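Some notes on the structure that comes next.
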Amino acid sequence: MRIADFALERYFARWEFAVEHVLCGSDVEGWRMADLLALADPESAALWADLKLGYTESTGHPLLRAEIAGLYEGLEADDVLVFAGAEEAVFCLFNTAIGPGDHLIVTWPGYQSLYEVARAAGAEVSLHALLEHDGWSLDVERLRRSIRPTTRMVVVNAPHNPTGMLPTQAEWQELATTCADAGIHLIADEVYRYLEVDAADRLAAGAELGPSFVSLGVLSKSFALAGLRIGWLATRDRPLLDRCTRLKDYTTICSSAPSEILGLIALRARDQVLARSQEIVAANLALLDDFFERRADALTWVRPRGGSTAFPRLVPSGPAGASAEAFCSRLVEATGVLLLPSTTFGFGDGHVRLGFGRTDMPEALGKLEAFLDAGG
Ligand SMILES: Cc1ncc(COP(=O)(O)O)c(C=O)c1O
């Protein structure tokens, strides 16, 4: 297989574990193992204590699948397939469901594998550009016009990385109706679901809206458990899941046994797990509101409607300068604070991704501001 480098991952490979503050992470501050285990209900505590480190069921632990299915109205355990993170799910989905001659529409700027894996599988991809001057919003009418007879999938990540875009309830319904009418799979990357700024804006999950629609989920982001590498596809389209299961035999075969039980514990205690994440994100967002008001000379933003990332623009005449790449490089060398330039999204050189899911964000933001004060 030939596939372009994953630019964001290459950038992280260079910096993520070499810096003091990752101010561009998309995950929420990971749980400490002991704190998570303290949440275990009696059944999962016993499963943890007695766990044998053998192979696990290829489709995922039955209790874990049932718990994941419980996140979706009207879905059952057999409508869920567990993967090593959302990334493996993306890989298996696009390598089994589409190929040469197929066309996809994918929101952009965005998570590169959502379009790169499809391209590598031979499909043609149209990027649906989110426009900053429209508040990065999803333009369903424009998206509809890019549908072709060969369009097989519309891929929307919402809440969106990196912009924080979240369609309105009306836009989401309209998109679902458009896809259903055209016989197209709606692939909803919902890895930031439950991190809506206003909980009333939480959308129905993609898988709930149509029998061939697919929800992509993971424990990495809103559940703050990226190290477990537990992700999933949820859909009532069982033949689609079956094809993914058969490819998974060639990737990881099955999930990590400890991760499955830890994931089960987290999902059963999801009210507490999600509340912690929502609190971290809300407190950081309040600090960012003040920061962007104070530092409009350097950076301007569209306030996210959900998720844990924002995509501010550099003010070329200000202390950050005109090049995101150059600014990020100066910043990290001088302060140990890592921002992500928009070049890693193939989206010009004028924006940076800023993550607000980490508990060191206040300190990192202070260092960023001091750096701007000193002239950038
Ligand atoms: C939109 C989106 N989808 C999927 C993923 C993959 O998640 P994971 O790395 O946990 O597999 C990410 C990770 O950043 C993401 O931002």
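Derivation of every value follows stated rules applied to the coordinates shown; laboratory data play no part. For clarity, every value in this text was computed on a predicted model and none was experimentally measured. A quick note on method: Cβ atoms are made from the backbone with ideal geometry, for glycine too, and the neighbour counts reach across all protein chains shown.
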Problem set entry | Along principal axes, Cα extents of segment 93-150, largest first, whole Å | 35, 25, 13
Seminar exercise, completed: Stokes-Einstein D for segment 1-90 (25 °C, 0.890 mPa s, Kirkwood Rh from Cα pairs), in µm²/s, comes to 145 µm²/s
Problem set entry | Reduced Cα scattering model of segment 335-376, Debye log10 I(q)/I(0), q = 0.20, 0.30, 0.35 Å⁻¹ | -0.70, -1.03, -1.11
Seminar exercise, completed: Free-by-geometry Cys in the chain, Cβ-Cβ under 4.7 Å as pairing rule, reported as C24, C179, C254, C328
For this session: Return the single residue from I147, I230, I68 with maximal mean-square fluctuation; model: Gaussian network over the chain, springs between Cα atoms under 10 Å.
Result: I147
Exercise. Which Rg and Dmax, in Å, describe the Cα atoms of the chain?
Worked result: 20.4, 61
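Given the rule -39500 (n - 2.57) for each run of at least 4 DSSP H residues, summed and divided by the residues of the chain, what is its mean residue ellipticity at 222 nm, to the nearest 500 deg cm²/dmol?
Details: 14 runs with 148 residues, N = 376.
Computed ellipticity for the chain at 222 nm equals -12000 deg cm²/dmol.
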Seminar exercise, completed: P(r) of segment 3-45 over all Cα-Cα pairs, 10 Å bins starting at 0, rounded to whole percent, reads 21, 32, 24, 20, 4
Problem set entry | Cα-based Rg and Dmax for segment 39-96, where Dmax is the largest Cα-Cα distance (Å) | 13.4, 39
Exercise. In the P(r) worked out for segment 159-292, what percent of Cα pairs fall beyond 23 Å?
Worked result: 43 percent
Problem set entry | Computed Rg/Rh of segment 286-375, alpha carbon atoms with Kirkwood Rh | 0.91
Exercise. How long are the three semi-axes of the equivalent ellipsoid for segment 65-133, computed from the Cα gyration tensor as the root of 5 times each eigenvalue, in whole Å, largest first?
Worked result: 26, 17, 11
Exercise. Which residue, D50, D349, D102, has the most motion in a Gaussian network model of the chain that connects Cα atoms within less than 10 Å?
Worked result: D50
Problem set entry | Neighbour cut-off at most 10 other Cβ (10 Å), DSSP loop, trypsin sites (Lys or Arg not before Pro), segment 14-113 | R32, K52
For this session: Could you work out which residue, out of T252, T309, T235, moves most in a Gaussian network model of the chain, that is, has the largest mean-square fluctuation with Cα springs under 10 Å?
Result: T252
For this session: Find how many whole Å separate the alpha carbon centroid of segment 88-128 from the alpha carbon centroid of segment 335-370.
Result: 27 Å
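Restricting attention to segment 16-63, which chymotrypsin sites (Phe, Trp or Tyr not before Pro) occupy a DSSP loop and are surrounded by at most 11 other Cβ atoms within 10 Å? Working shown, then result.
Numbers: sites: F17, W31, W48, Y55; in loops: F17, W31, Y55.
Here the chymotrypsin sites (Phe, Trp or Tyr not before Pro) that fit, given the DSSP loop and packing criteria, are F17, Y55.
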